[in-house]
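Undergrad: Can you keep this structure in mind? I'll have questions shortly.
The values are calculated or read from the model by the stated rules, or taken from the named source; none is laboratory data. Everything quoted here is computed from the prediction, not taken from an experiment. Using ideal geometry, Cβ is built from the backbone for each residue, glycine included, and neighbour counts are taken over all protein chains shown.
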Amino acid sequence: MKKIYLLSLLVLWISLSFAQEKYSIKVKIDGFKDTTAFMSYFYGKGQYYKDTASIDSKGFAHFSKKDTLEEGMYSILIGSNKIFDFLVDNQELSFTTSKSAPIQDMKTKGGQENIYFYEYLKFLNAKQKVASELKETKEKSEPGSEAYKNATKSIDELDEEVKVFLNDFSKRHKGSFTVTFLNALQAPEVPEPPLLENGAKDSLFAFKYFKEHFFDGFDFTDDRLIRTAAFYEKISYYMDKLNVQVPDTIIKACDFLLSKMANSPEMFKYTLNNFTSKYEKSELMGMDAAFVHLGKNYYMKGKAPWMTDKQMKKLSERVKALDPLLIGKKAPNLIVRDTAQKKMLQLYDIEAKYTIVYIWSPDCGHCKEATPKLKKLYDKVKSRGVEVFGVGNDFENEHWIDFINKHDLNWINGSDGGDFRSNFRDTWDVYSTPQTYLLDENKVILSKKMDIPSLENLLEYFFKQDEKEKNE
């Protein structure tokens, strides 16, 4: 019985050993010897080292481990210099090329994707050389000359040749990851704009069409794209260049892309995490609204199963802290004592067209610089319906009061003190000072966390709008 048990364990161990995959990437690069090669992989925004191998005196290197390479795009580097890219569709691949012409001299074995990939790269590389020569000729020629016209014609013909090749290539290798990757890179070709009723061309058509068709060739169901150079650049360009950088537009764009990725778990996970981090840390005013939206509508609704309980708790607390302080929402009340520690002051009791909530500390370097600037601005605009509610962030008030007196801060001043403790540091998310908010007469947040010059410019804008409405 004991022998049978031991035999079973041996069979199981052998089965597991053979089941564990091992990748083998063999490389020969003429022109390199006795050095170290690196293999890296793409993932989202970055490129990360996967393995190292020694290059021998004949230019051979062998990357091999008991591990599986995820399908996607990888690179071979010598030092910090990339020698060539390749696609993984097989755990056993080999590449032979040269230092002087890594694309044109490339020969591949193992799997079909690199045969297709280098067919494309070799064609494109050859045409790029021709294009560079033609562009140089055109730049050196006098506009309107025969040489200029011929170069222009040849460039147009070359562009058409590339389009024909890509169309034929995509048909011949339909279903391959190479075609999926190349389609993801393609930008839409914008047709001639239609005419408006007045006979003029629609000047907005090109942008609208380009944005609407930007992802026409992008396969959102293929998680392998996240491990290529195409993914992050495509998503970032769409978010940063094709959308106005205001919260409502960005939120709509986030939802659009995440809905496209609903059936691609890895793509969805990376993109949601990336957007969440990006908009929580964004320096663009008001973009924390996108972070709050993502938190409430994805994480807190169970759409991020990869999050641990600890991570979810931390994110949820951050969302709940920022939500009441979003631009467009009524600010939470703020209750403190006056400088004499006798009278309670409330934000909601302040009657002003505009209220600046300024939370600061006399020992804060930025506050020492910003507070005199705010004082100067206050003296300039207080007659136009602006009040400042200056709130000391320290528990000890002696330095704070000295600073107030020294700089004649004749606005409304309040703080904690004595046996009184307010919760404003939590309700106003005070992690650093100064914190500056601009509120309207109903205490709705108009702006926040602005420097004083920007605050002054914004107030001037609102003054002009008020004057315009008054005269209508």
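Undergrad: Touching a helix residue (DSSP H, G or I) at 6+ places or on another chain (Cβ under 9 Å) and part of a loop (DSSP other than H, G, I, E, B): is that true of Asn90 in this structure? It would help to see each step written out before you state the result.
TA: Numbers: touching a helix residue (DSSP H, G or I) at 6+ places or on another chain (Cβ under 9 Å): yes; part of a loop (DSSP other than H, G, I, E, B): yes.
For Asn90, the condition - touching a helix residue (DSSP H, G or I) at 6+ places or on another chain (Cβ under 9 Å) and part of a loop (DSSP other than H, G, I, E, B) - is met.
Undergrad: How many residues does the stretch 338-369 hold that are over 23 Å from Asp440 (Cα atoms) and either outside the structural domain of Lys464 (by TED's automatic domain parsing) or aromatic (Phe, Trp, Tyr) (or both)? Give the steps one after another, and end with the answer.
TA: Going residue by residue through the stretch 338-369, those that are over 23 Å from Asp440 (Cα atoms) are 339-343, 361-369.
Adding the requirement that they be either outside the structural domain of Lys464 (by TED's automatic domain parsing) or aromatic (Phe, Trp, Tyr) (or both) leaves none.
Counting residues in the stretch 338-369 that are over 23 Å from Asp440 (Cα atoms) and either outside the structural domain of Lys464 (by TED's automatic domain parsing) or aromatic (Phe, Trp, Tyr) (or both) gives 0.
Undergrad: Can you give me the ranges of the strands (runs of 3 or more DSSP E) entirely in the stretch 342-446 with at least 1 residues that are over 22 Å from Gly286 (Cα atoms)? Explain how you work it out, then say what you get.
TA: On the way: elements: 344-346, 354-360, 386-392, 412-415, 435-439.
By residue number, 344-346, 386-392, 412-415.
Undergrad: Looking only at residues that are within 15 Å of Gln341 (Cα to Cα) and of a type in the set (Val, Ile, Thr) in the stretch 384-402, which one is surrounded by the most Cβ atoms within 10 Å (Cβ to Cβ)?
TA: Out of the qualifying residues, it is Val391.
Undergrad: Applying the selection to the stretch 403-439, what residues are modelled with pLDDT under 95, of a type in the set (Asp, Glu) and either over 43 Å from the mean Cα position of the chain (by Cα) or farther than 14 Å from Ala340 by Cα (or both)?
TA: Asp419, Asp426, Asp429
Undergrad: Kindly indicate which of Asp466, Asp426 is farther than 20 Å from Ala289 by Cα and among the acidic types (Asp, Glu). Break it down into steps so the answer makes sense when it comes.
TA: On the way: Asp426 fails: farther than 20 Å from Ala289 by Cα.
Answer to the selection: Asp466.
Undergrad: Would you please name the residue that is surrounded by the most Cβ atoms within 10 Å (Cβ to Cβ), looking only at residues in the stretch 95-107 that are part of a strand (DSSP E or B) and more than 35 Å from the chain's Cα centre (by Cα)?
TA: Step one: list which residues in the stretch 95-107 are part of a strand (DSSP E or B), which gives 95-98, 107.
From the residues that got through so far, the ones that are more than 35 Å from the chain's Cα centre (by Cα) too are 96-98, 107.
Values: Thr96: 16, Thr97: 23, Ser98: 17, Lys107: 12.
Top of the filtered list is Thr97.
Undergrad: So, Leu134, is that one closer than 30 Å to Ile235 by Cβ, among the aliphatic types (A, V, I, L, M) and surrounded by 12 or more Cβ atoms within 10 Å (Cβ to Cβ) or not? Quick ask: steps written out before the conclusion?
TA: Values: closer than 30 Å to Ile235 by Cβ: no; among the aliphatic types (A, V, I, L, M): yes; surrounded by 12 or more Cβ atoms within 10 Å (Cβ to Cβ): yes.
Considered against the rule, which asks whether it is closer than 30 Å to Ile235 by Cβ, among the aliphatic types (A, V, I, L, M) and surrounded by 12 or more Cβ atoms within 10 Å (Cβ to Cβ), Leu134 comes out as no.
Undergrad: Looking at (1) more than 18 Å from the chain's Cα centre (by Cα); (2) more than 23 Å from Trp428 (Cβ to Cβ), which is the one condition that is false for Thr249?
TA: Single failed check for Thr249: (1).
Undergrad: Of the residues in the stretch 273-306, how many are of a type in the set (A, V, I, L, M, F, W, C) and crowded, with 18+ Cβ neighbours inside 10 Å?
TA: 8
Undergrad: What pairs come up if the first residue lies in the stretch 419-438 and is closer than 18 Å to Ile327 by Cα and assigned by TED's automatic domain parsing to the domain that holds Leu374, the second is at pLDDT below 90 and of a type in the set (D, E, K, R), and their beta carbons are under 6 Å apart, counting only those six or more places apart or on different chains?
TA: none
Undergrad: Can you pull out the residues in the stretch 117-142 that are under 25 Å from Glu157 (Cβ atoms) and either in contact (Cβ under 8 Å) with a residue 24 or more places away in the chain or small (Gly, Ala, Ser) (or both)?
TA: Within the stretch 117-142, Glu119, Tyr120, Phe123, Leu124, Ala126, Lys127, Val130, Ala131, Ser132, Leu134, Ser141 meet the criteria.
Undergrad: Follow-up. Tell me, which helices (runs of 4 or more DSSP H) wholly within the stretch 143-233 include 2 or more residues that are more than 21 Å from Val130 (Cβ to Cβ) and either free of Cβ contacts under 8 Å to residues at least 24 places away in the same chain or over 31 Å from the mean Cα position of the chain (by Cα) (or both)?
TA: Working: elements: 146-172, 177-185, 205-212.
Of the helices (runs of 4 or more DSSP H) lying wholly inside the stretch 143-233, those with at least 2 residues that are more than 21 Å from Val130 (Cβ to Cβ) and either free of Cβ contacts under 8 Å to residues at least 24 places away in the same chain or over 31 Å from the mean Cα position of the chain (by Cα) (or both) span 146-172, 205-212.
Undergrad: Has the stretch 6-22 got any residue that is modelled with pLDDT of 95 or more and under 37 Å from the mean Cα position of the chain (by Cα)?
TA: Keep residues of the stretch 6-22 that are modelled with pLDDT of 95 or more, which gives none.
The answer is no, given that none of the residues of the stretch 6-22 is modelled with pLDDT of 95 or more and under 37 Å from the mean Cα position of the chain (by Cα).
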